[in-house]
Each structure stands twice: as structure tokens, then as C-alpha cells.
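The values are calculated or read from the model by the stated rules, or taken from the named source; none is laboratory data. On a predicted model such as this, the values are computed, not experimentally measured, just so you know. Quick reminder, even Gly has a Cβ in these numbers, built from the backbone with ideal geometry, and neighbours come from all protein chains shown.
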Amino acid sequence: MHVALVYNQKKEDHLQPATDVHGELAIASLEALQGSAHPATFSSSHAPLSGSTPANDLYAEWDSVETIHAVRDALAELHQVSMIEANEDAFERLRTERPQIVFNIAEGLYGISREAQMPAIFEMLRIPYSGSDPLTLAICLDKSRAKEILAHYGVQTPGFMVVNTPEEMTACNPSFPAMVKPLHEGSSKGIFNSSVVNDAAGLRRELERVLFHYKQPALVEEFLPGREFTVAMLGNGPHLNVLPIVEIKFDSLPDGVNKIYSYEAKWIWDTAAAPLEIFQCPADLTDSLRVEIETLCRKAYTVLRCRDWSRIDVRLDANGRPHIIELNPLPGILPKPEDNSCFPKAARAAGLSYNRLMQSVIAFAAERHGVGARTGRN
């Protein structure tokens with residue numbers, strides 16, 4: 001098949017000070033920078049944002065050139081591949097080249113519809129593509145809308161509220177501890193060690209950070225104290241596979257930090273040069289808990305109409321019951337084992353190489369659309 005790989009390439013200044021899409025400095029908490037320089041001596045005390053050096057997480061969701069080339073090379077083993085960057089020229093490239101199918105890993109940048117923008121173009125041009133449709137991508141990026149749908153269908157998810165404006169902060173009175181997150185972000189953007197709050201002062205600080213620096217509503221979510229897992233889903237309908245479950249091992253983090261998979265944990269403390277032993281795959285689970293998590297994730301995947309693949313984050317409550325934290329229908333796929341990327345890690349545990357994983361995704365999409373050769377499916 002002729003496959004177009006549509007992507008966003010991460011900027012080289014990913015962790016450097018930069019202006020955000022509003023022309024202002026993209027601010028991370030001071031803790032992120034302290035953790036980058038001194039993870040072993042990290043303090044959980046909270047310094048004010050004012051006067052801190054900004055760290056840019058603007059491009060955290062985009063892929064590195066290494067990842068993009070790894071996906072290209074995997075697809076090229078079976079298909080003719082063309083490369084199309086998801087910028088303002090992408091529409092004309094797609095309209096002119098007319099690939100048989102698109103392998104979509106484009107995250108977008110602007111607005112809450114950013115992950116849905118390229119798939120909407122594919123649909124307008126009637127070009128088949130991998131992954132979920134624009135509606136599912138938009139809903140999953142809006143954490144509250146996704147949680148509302150899950151709750152409606154009886155899928156366990158932590159309790160939450162949304163703070164849209166500074167005026168609404170005074171009415172926000174959650175039980176503590178609580179988590180404060182940007183409503184429309186992924187890849188741990190905007191989730192720092194300080195995002196777990198234990199009192200009204202901490203809540204106000206984090207609400208201000210999200211509202212003023214990320215320019216979007218804040219999700220205030222019940223903090224679940226139990227173990228955390230991430231679950232890779234691959235396929236559709238009767239061919240939907242739950243890959244081996246990955247557990248996030250928080251005891252590998254620096255002393256004194258909160259037990260969450262924060263931006264610091266994902267992008268600063270855990271590096272390819274010095275990877276943390278932060279994941280266990282397959283997770284050490286009883287048969288009953290494994291089945292409960294798999295059943296929950298299958299239902300969430302189906303309810304939100306995910307297609308071909310998705311990664312689902314799960315956390316246990318105080319009674320050991322699993323809850324859906326969020327779904328990522330455009331999962332991270334860093335190629336090297338030392339990159340600690342969860343979806344490829346789960347695939348390797350299932351006996352799928354990185355190349356075979358990419359080939360399986362496009363094969364599931366091609367089968368769903370009824371185009372091309374149906375090779376490469378798991």
C-alpha cells in the first residue's frame with residue numbers, strides 16, 4: 001500500500017524556555033527545574049511561581065525525529081511510505097498525493113480540537129487513516145467530557161469538578177488530597193509534583209497556574225491512593241487485544257515526591273541516558289485484578305469508540321478497585337527500550353517487535369477501511 005505517515009516533529013528546544021502559543025512564557029513549576037538539576041535532593045516544599053525560570057512543555061506531545069523515522073522504517077518494510085508533516089501545507093500534500101491510507105501520529109498544537117484537525121482533513125478528502133475519529137480524539141483530550149461519558153456507562157472514574165474561570169475558584173471545595181490538571185493536555189503536560197494538593201492554599205496555587213499559564217480550565221480530580229497502571233489496547237471488535245499491563249513503580253522516584261507520573265518523572269528524571277526503573281511489565285497482579293482491569297479497559301475503549309489502538313491509564317482506589325484516569329488514542333511510541341515508552345514496552349512483553357507493532361496498527365486500520373493488503377496484523 002501507499003501509506004502516508006502524518007506527524008508533528010518535536011522542536012529541539014523542548015525543555016528550554018520558550019514562548020507558548022499565546023506569546024507568553026510557558027511556565028512549569030519550580031519543582032520541575034529543581035528535579036532536573038538535583039533529583040536526589042528534591043524537596044517537596046512548594047516555591048512560588050513568580051521569579052522561577054520557565055520550562056517549556058509546549059511540544060511534549062510531539063514526536064522526535066528518531067521516533068518518526070522509526071515508524072517510517074517499520075512501515076516501509078511492507079509498504080511504500082511518504083512523509084507529510086502536519087502543518088499548513090499538509091492539506092495540499094494529501095490532496096495531491098492521495099495515499100491509500102494514512103498512518104496518523106499528528107498531535108496538533110493549537111486549540112482543544114488539535115488532535116482532531118488532521119483526521120477531519122482526512123475525512124474531508126476521503127482518505128482512510130489509522131486510529132480514532134475526530135470526535136473520539138476531541139472527547140478524549142477533554143478529560144471532563146470523557147469522564148462524563150464513562151460515568152454515564154458505569155465505567156469507574158475518579159470524582160471530579162471543572163474550574164473554568166478565576167471567579168469559580170472560591171466555589172471549588174474538593175476533598176483532599178486532590179489532583180489539579182489542565183483540562184485539555186496529554187503527555188503529562190501541566191502535571192507536576194505540586195499538582196497533588198492537600199489544602200486550600202495548594203489548591204488555589206495550582207488552579208492559578210493552570211488557568212493563567214495554560215489558558216484553559218482546570219480539572220480537579222479525586223486523588224486515588226492506590227497502584228497505577230497503563231494498559232495498551234490494540235485492535236478492534238473481536239480482534240481487540242489487551243497487551244500485558246504496565247505498572248508504574250513509584251518507589252523508583254526521588255524521596256519526598258508525590259506518587260504520580262508527573263512531567264518531572266516522565267521527561268526530566270527518567271532519561272534514555274539514565275532511565276529510572278519505573279515500569280514493571282507484565283505487572284505483578286492477581287488473576288482477579290488483572291481481569292478486572294482488562295474488563296474495565298475494554299469497556300472504556302468501546303464506550304469512547306476508540307479504534308486500532310489506545311493507551312489507558314488506570315489507578316486503584318483505597319479499596320483496590322480500578323478506575324479509569326484517562327485514555328490516550330494517540331499513544332506515545334518511542335522506539336528504544338531505554339526510552340521507557342509504555343506502549344512499545346507492552347508490545348515487546350507480548351512478543352511484538354516495534355516494527356511489528358506499527359505494522360499491526362496500519363493493518364487493523366486497513367482492514368477496518370477495507371483497503372490494501374491485510375498483512376501485518378497481530
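Restricting the range 156-181 to residues that are within 18 Å of residue 215 (Cβ to Cβ) and free of Cβ contacts under 8 Å to residues at least 24 places away in the same chain leaves a set whose member that is surrounded by the most Cβ atoms within 10 Å (Cβ to Cβ) is 168.
Please tell me if residue 357 is in contact with a helix residue (DSSP H, G or I) (Cβ under 7 Å, 6 or more places away or on another chain), in contact (Cβ under 8 Å) with a residue 40 or more places away in the chain, surrounded by fewer than 23 Cβ atoms within 10 Å (Cβ to Cβ) and among the hydrophobic types (A, V, I, L, M, F, W, C).
On the way: in contact with a helix residue (DSSP H, G or I) (Cβ under 7 Å, 6 or more places away or on another chain): yes; in contact (Cβ under 8 Å) with a residue 40 or more places away in the chain: yes; surrounded by fewer than 23 Cβ atoms within 10 Å (Cβ to Cβ): no; among the hydrophobic types (A, V, I, L, M, F, W, C): yes.
Considered against the rule, which asks whether it is in contact with a helix residue (DSSP H, G or I) (Cβ under 7 Å, 6 or more places away or on another chain), in contact (Cβ under 8 Å) with a residue 40 or more places away in the chain, surrounded by fewer than 23 Cβ atoms within 10 Å (Cβ to Cβ) and among the hydrophobic types (A, V, I, L, M, F, W, C), residue 357 comes out as no.
The number of residues in the range 240-263 being at pLDDT 90 or above, in contact with a helix residue (DSSP H, G or I) (Cβ under 7 Å, 6 or more places away or on another chain) and outside any loop (DSSP other than H, G, I, E, B) comes to 2.
Answer yes or no: is there a residue in the range 288-304 that is in contact (Cβ under 8 Å) with a residue 60 or more places away in the chain, within 30 Å of residue 4 (Cα to Cα), assigned to a loop (DSSP other than H, G, I, E, B) and in contact with a helix residue (DSSP H, G or I) (Cβ under 9 Å, 6 or more places away or on another chain). Yes, the range 288-304 contains at least one residue that is in contact (Cβ under 8 Å) with a residue 60 or more places away in the chain, within 30 Å of residue 4 (Cα to Cα), assigned to a loop (DSSP other than H, G, I, E, B) and in contact with a helix residue (DSSP H, G or I) (Cβ under 9 Å, 6 or more places away or on another chain). Does residue 367 qualify as being in contact with a strand residue (DSSP E or B) (Cβ under 6 Å, 6 or more places away or on another chain) and either surrounded by 17 or more Cβ atoms within 10 Å (Cβ to Cβ) or not small (Gly, Ala, Ser) (or both)? So residue 367 does not fit the description; no. Checking the structure you have, find out if any residue of the range 105-119 is crowded, with 21+ Cβ neighbours inside 10 Å, β-branched (Val, Ile, Thr), in contact with a Leu (Cβ under 7 Å, 6 or more places away or on another chain) and at pLDDT 95 or above. Yes, because at least one residue in the range 105-119 is crowded, with 21+ Cβ neighbours inside 10 Å, β-branched (Val, Ile, Thr), in contact with a Leu (Cβ under 7 Å, 6 or more places away or on another chain) and at pLDDT 95 or above.
All but one of (1) within 15 Å of residue 2 (Cβ to Cβ); (2) touching a helix residue (DSSP H, G or I) at 6+ places or on another chain (Cβ under 9 Å); (3) surrounded by fewer than 20 Cβ atoms within 10 Å (Cβ to Cβ) hold for residue 98; state the number of the condition that does not hold. Of the numbered conditions (1) within 15 Å of residue 2 (Cβ to Cβ); (2) touching a helix residue (DSSP H, G or I) at 6+ places or on another chain (Cβ under 9 Å); (3) surrounded by fewer than 20 Cβ atoms within 10 Å (Cβ to Cβ), the odd one out for residue 98 is (2). Just so you know, in the range 241-281 the residues that are within 20 Å of the chain's Cα centre (by Cα) and over 27 Å from residue 177 (Cα atoms) include one that is surrounded by the most Cβ atoms within 10 Å (Cβ to Cβ), and it is 243.
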